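The values are calculated or read from the model by the stated rules, or taken from the named source; none is laboratory data. Since the structure is predicted, the reported quantities are computational estimates derived from the model, not experimental observations. So basically every Cβ, Gly included, is an ideal-geometry build from the backbone, and we count neighbours across all protein chains shown.
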Amino acid sequence: MEYLELQKKIRKLLKERNAVLLAHYYQRDEIQEIADIQGDSLALSIEAARTDADIIVFAGVLFMAESASIISPDKTVLIPRLDAGCSLADMITVSQLKRAREENPDASVVTYVNSSAEIKAESDICCTSANALRVVNSLKDAKKVLMVPDGNLARYTSRFTDKEIIPWDGYCSVHHFVTPEEIRRMKDKYPRAKFAAHPECAPQVLDMADFVGSTSGIIRFARETDAEEIIVGTEIGIMYQLKKDNPEKRFISASDNLICHTMKYITLEDILNSLVEMKHVIKVPEEVRIPAKKALDRMLDVKG
């Protein structure tokens, strides 16, 4: 079946089932083309909660669908592929976090939203890559902060705060392995280009960036900068939105390896099957959902 026909069938079923299709910026182009909402992981769940849809179809990875279930417990949340996971989220377990709490009893736990519902439920507060510094500084009584699971985001945040940051030994397998050598080659090849990097990249790479920010931050930077060429240090799926917003600018991937394979697992066929068969339902149990939502709500209450 051709992709245009698949897209039409999906849009028809979405309307019939009063469903909303969410697509992360790292999804395949043909999925982003027909999504009701595109965005960063948590922003998608928040926007979906504001709709009157009965069903949320999440084209993303598992922890994102869990966040949608946490925020919208009365809606049915579907993820088209159960194996669309996140290696970063898998780098910490509940037992490991509990042990780390015992070893650092005076530390507050700040958990990146790129984590499982169970880890969020064991945390004091959540953060995104865009608001991590604001969240950390909002903890007025905490002099020590354990940041999980992304060590690079923790180390980057520590540059801008007086609080002691304890980084977890986790990383995004896509961003972490971008090398300074690759960036130097790109800068030599495109000397007029600005380099925009995601804070999940390694510190040596971030040191070379003209801008460091979340996916939505990079999209905003691309719109606002005068640069006509931008080297992009995040997953290649973001190119769809960047080119759509800025057809007059040139975007160059910082590395040939900036591909999240699990983000690419979901296809149009998977989304269609998910809607037809109403699979796979993601429902976070209340004993996990309630404390996880408290950690998310505390983050959302942070001003700025």
(request) Could you tell me which of the residues I31, I37, I71, I79 is free of Cβ contacts under 8 Å to residues at least 60 places away in the same chain, assigned by TED's automatic domain parsing to the domain that holds E269 and among the β-branched types (V, I, T)? (result) I37
(request) Kindly list the number of the only condition in (1) of a type outside the set (K, R); (2) surrounded by 24 or more Cβ atoms within 10 Å (Cβ to Cβ); (3) in contact with a Phe, Trp or Tyr (Cβ under 8 Å, 6 or more places away or on another chain); (4) closer than 19 Å to E200 by Cβ that fails for V61. (result) (3)
(request) Test D226 against the criterion of being out of contact with any helix residue (DSSP H, G or I) (no Cβ under 8 Å at 6 or more places or on another chain), of a type in the set (D, E) and touching a residue at least 40 places away in the same chain (Cβ under 8 Å), and give yes or no. (result) no
(message) Out of the residues in the range 176-213 meeting the condition of being of a type in the set (A, V, I, L, M, F, W, C) and in contact (Cβ under 8 Å) with a residue 60 or more places away in the chain, tell me which one is nearest to I252 (Cα to Cα).
(response) M186
(request) Would you tally the residues in the range 281-304 being more than 21 Å from V109 (Cβ to Cβ), aliphatic (A, V, I, L, M) and more than 19 Å from the chain's Cα centre (by Cα)? (result) 1
(request) Collect the residues in the range 1-42 that are surrounded by 15 or more Cβ atoms within 10 Å (Cβ to Cβ), over 11 Å from F58 (Cα atoms) and polar (S, T, N, Q), keeping them in residue-number order. (result) Q7, Q32
(message) Please pick out the residue among I266, I238, I219 that is in a loop (DSSP other than H, G, I, E, B) and within 20 Å of the chain's Cα centre (by Cα).
(response) I266
